[in-house]
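Engineer: I have a structure I would like to understand better, so I am pasting it below and will then ask my questions one at a time.
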């Protein structure tokens, strides 16, 4: 029989996401992290720590670090992506479209220029706009509504490039 392997944390630079199945084991994991990290001079910033559950714990939900209860949230931003308790990508798509719209607006001079060929504009659109929009989109559980939002933004930007009202 193959041994069971469980993912318990995700680490990136100074960001850590702890993963556990019960409140009690999450509290234990948090306490161990706090104890071990303090040995090398690292401390948990309770203002930045959040707790999110994807299902309900049947015992108390409070997780403590540094003697304080950590804030319980339904979604949060981790490494630039919004993670939701129910797996929805709605917030992530909304924020990503907003960021891309800002980039698109800053490039308005490129899109309106008659000295730049349509081929070059479309290559820039593909490399700058679409890659920014779809960065880390692989795990998104897309719904019909989400697809309509993405398509709507994509078509709006293309119409602007082609000067089609």
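The values are calculated or read from the model by the stated rules, or taken from the named source; none is laboratory data. A quick note: this is a predicted structure, and the numbers were derived from the prediction, not measured. Every residue, glycine as well, gets a Cβ built from its backbone with ideal geometry; the counts of neighbours run over all protein chains shown.
Engineer: State whether one or more residues within segment 88-106 are in a loop (DSSP other than H, G, I, E, B) and surrounded by fewer than 16 Cβ atoms within 10 Å (Cβ to Cβ).
Structural biologist: No - not one qualifying residue is present in segment 88-106.
Engineer: Across segment 109-128, what is the total count of residues that are surrounded by 11 or more Cβ atoms within 10 Å (Cβ to Cβ) and part of a helix (DSSP H, G or I)?
Structural biologist: Summing the residues that are surrounded by 11 or more Cβ atoms within 10 Å (Cβ to Cβ) and part of a helix (DSSP H, G or I) in segment 109-128 gives 10.
Engineer: Still on this structure: Just checking, which of 160, 131, 146, 136 is surrounded by 14 or more Cβ atoms within 10 Å (Cβ to Cβ), under 16 Å from the mean Cα position of the chain (by Cα) and either over 30 Å from residue 22 (Cβ atoms) or not assigned by TED's automatic domain parsing to the domain that holds residue 22 (or both)?
Structural biologist: Exactly one of 160, 131, 146, 136 is surrounded by 14 or more Cβ atoms within 10 Å (Cβ to Cβ), under 16 Å from the mean Cα position of the chain (by Cα) and either over 30 Å from residue 22 (Cβ atoms) or not assigned by TED's automatic domain parsing to the domain that holds residue 22 (or both), namely 146.
Engineer: Oh, and also: Say whether the condition of being in contact with a strand residue (DSSP E or B) (Cβ under 6 Å, 6 or more places away or on another chain) and not in a loop (DSSP other than H, G, I, E, B) is met by at least one residue in segment 49-56.
Structural biologist: yes
Engineer: Quick one: which of 92, 151, 62 is outside the structural domain of residue 14 (by TED's automatic domain parsing) and touching a strand residue (DSSP E or B) at 6+ places or on another chain (Cβ under 6 Å)?
Structural biologist: 92
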